[in-house]
Amino acid sequence: MTAFSLNPEQTAWCAELRTLADERLRPLAEKGEPGRVNRPLVEALGELGLLDHLFAGEGPGASPATRAPHAVSGALGLCLLRESLAYSCTEAETALALQGLGAHPVAAYGSARQREQWLTPARAGRAVAAFALSEPGAGSDAAALALRAAPDGASSWRLTGEKCWISNAPEADFYTVFARTTPGAGARGVTAFLVPADRAGLTGTPLDMLSPHPIGALAFDGVTVTGDDVLGEPDRGFRVAMTTLNRFRPSVGAFAVGMAGAALDATLAHTAQRDAFGGKLKDLQAVAHQVAEMATRTEAARLMVHAAAAAYDRGEPDIARRAAMAKLMATETAQYVVDAAVQLHGARALQRGHLLEHLYREVRAPRIYEGASEVQRTIIAKELYADAAVPARSATPQPTTPEETSA
């Protein structure tokens with residue numbers, strides 16, 4: 001199997017997932033309230049075995065009908081899952097992804113007790129998880145976290161500060177929280193904690209955002225955490241965060257590709273049927289070329305996402321660069337494709353409830369969360385220069401003309 005084509009088993013699984021999303025998940029999504037956790041939808045994802053694919057191995061609760069074939073396990077399987085769900089039901093895809101983001105640190109770094117108490121119900125859809133990294137002054141700059149974990153005895157801390165733009169907050173049942181345990185140490189002084197939502201001193205407020213899924217702020221007023229709440233090791237929480245983000249960044253791209261695919265197919269159908277200027281819209285060269293560009297960019301993004309996921313599964317050393325490239329390419333492409341689809345549909349696409357109106361609101365946020373596009377470019381450039389190992393004395397000479405300076 002290569003990263004550049006899907007075999008019949010994989011293709012059939014994707015088709016099955018789209019049908020499942022249409023028939024079982026979309027009706028539940030339509031009953032949900034925007035900006036609120038849709039617990040029946042999360043529970044359905046667990047009952048259908050789909051949440052099992054977020055974590056290593058396949059849980060015993062996965063049904064035979066939806067259990068992924070061996071050939072589509074791992075990061076590639078996760079990408080195919082997210083793309084397929086996003087194509088048919090973005091709400092189901094988002095609920096699944098947020099559950100994975102919040103609970104993956106528990107699966108990867110949690111103790112046996114933590115996994116039993118929180119990962120088991122999270123995989124079943126009975127406990128809602130959240131990933132609490134961003135702060136008012138530390139969004140993409142994760143090393144600048146200010147949430148303070150002050151020592152409180154030999155093996156406990158008190159958390160004081162804020163988290164902001166946290167998906168599933170304030171309705172999650174537990175949070176993976178990143179806090180500063182060593183002041184002035186940058187990324188080296190951050191610790192990851194598993195904090196139950198009912199812990200004394202923890203409160204939350206919902207935020208009214210463009211995206212329809214729940215996002216909120218959290219306030220920590222001396223919240224007590226102990227060594228039993230640590231995920232991984234003290235002062236090594238940045239590694240927990242980056243491992244999780246590297247795991248999910250290619251699949252954020254898959255989410256974007258799924259939305260782009262849905263917008264593209266809607267545009268193909270519309271332009272083939274719509275009468276305009278004495279013919280069909282598709283007969284206008286400007287329209288046909290636009291659709292061709294949309295399709296080409298979508299396919300390029302899909303291939304880049306698959307390649308990054310395959311590299312992750314093989315354990316290749318350049319996964320940070322590949323994941324950043326995949327997220328950057330796919331999210332920027334999806335924004336372009338959905339915007340072009342709206343333009344080709346005209347005013348009808350702006351009506352509340354239209355597929356493209358929905359996608360237009362959904363597609364904007366992925367260019368910001370889990371590392372904004374600018375952060376992805378920074379990661380890519382840093383990795384490229386590290387690989388090249390260019391000595392300082394071989395730097396490009398300073399430009400001597402205005403034209404060279406502007407270039």
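Of note:
- Checking Leu210, Leu218 one by one, the residue that is in the same structural domain as Thr176 (by TED's automatic domain parsing), surrounded by fewer than 21 Cβ atoms within 10 Å (Cβ to Cβ), within 24 Å of the chain's Cα centre (by Cα) and more than 20 Å from Gln117 (Cα to Cα) is Leu210 and no other.
- Selected residue [in contact with a Phe, Trp or Tyr (Cβ under 7 Å, 6 or more places away or on another chain) and either more than 25 Å from Glu374 (Cβ to Cβ) or not assigned by TED's automatic domain parsing to the domain that holds Glu374 (or both)] from Ala146, Ala197: Ala197
- Tally of residues being hydrophobic (A, V, I, L, M, F, W, C) and in contact with a helix residue (DSSP H, G or I) (Cβ under 9 Å, 6 or more places away or on another chain) across segment 186-213: 8
- The set of residues in segment 192-207 that are surrounded by 13 or more Cβ atoms within 10 Å (Cβ to Cβ) and in a loop (DSSP other than H, G, I, E, B) comprises Ala197, Arg199, Gly201, Leu207.
- Selection from segment 226-242 of residues that are touching a residue at least 60 places away in the same chain (Cβ under 8 Å) and touching a Lys or Arg at 6+ places or on another chain (Cβ under 8 Å): Asp228, Gly232, Phe238
- Top-ranked residue in segment 303-342 [being assigned to a helix (DSSP H, G or I) and out of contact with any helix residue (DSSP H, G or I) (no Cβ under 8 Å at 6 or more places or on another chain); ranked as farthest from Met242 (Cα to Cα)]: Leu303
- Matching residues, segment 252-302, being in a helix (DSSP H, G or I) and among the charged types (D, E, K, R): Asp265, Lys282, Asp283, Glu293, Arg297, Glu299, Arg302
- Taken together, Gly184, Gly161 contain a single residue that is outside the structural domain of Glu93 (by TED's automatic domain parsing), surrounded by fewer than 24 Cβ atoms within 10 Å (Cβ to Cβ) and without any contact (Cβ under 8 Å) to a residue 12 or more places away in the chain, which is Gly184.
- Single condition Ala107 does not satisfy, out of (1) part of a helix (DSSP H, G or I); (2) within 29 Å of His358 (Cβ to Cβ): (2)
- Selection of helices (runs of 4 or more DSSP H) fully inside segment 1-60 by the criterion of at least 3 residues being modelled with pLDDT of 95 or more and in contact with a Pro (Cβ under 7 Å, 6 or more places away or on another chain) returns nothing.
- Segment 202-249: number of residues that are charged (D, E, K, R) and touching an Asp or Glu at 6+ places or on another chain (Cβ under 7 Å): 1
- Selected residue (criterion: surrounded by the most Cβ atoms within 10 Å (Cβ to Cβ)) from residues of segment 229-243 that are charged (D, E, K, R), farther than 19 Å from Val128 by Cα and out of contact with any helix residue (DSSP H, G or I) (no Cβ under 7 Å at 6 or more places or on another chain): Arg236
- Candidates Gln335, Gln351, filtered to the one that is assigned by TED's automatic domain parsing to the domain that holds Thr296, of a type outside the set (Val, Ile, Thr) and more than 27 Å from Ala75 (Cα to Cα): Gln351
- Within segment 116-151, the set of residues being touching a helix residue (DSSP H, G or I) at 6+ places or on another chain (Cβ under 7 Å) and of a type in the set (Ser, Thr, Tyr) comprises just one member, Ser140.
- Contact annotation: residue pairs with Cβ atoms under 6 Å, 6 or more positions apart or on different chains, pairing a residue in segment 12-31 that is in contact (Cβ under 8 Å) with a residue 40 or more places away in the chain and crowded, with 19+ Cβ neighbours inside 10 Å with a partner that is part of a helix (DSSP H, G or I) and acidic (Asp, Glu), are Ala29/Glu91.
The values are calculated or read from the model by the stated rules, or taken from the named source; none is laboratory data. For clarity, every value in this text was computed on a predicted model and none was experimentally measured. Cβ coordinates were reconstructed from backbone atoms using ideal geometry, including for glycine residues, and neighbour counts include every protein chain displayed.
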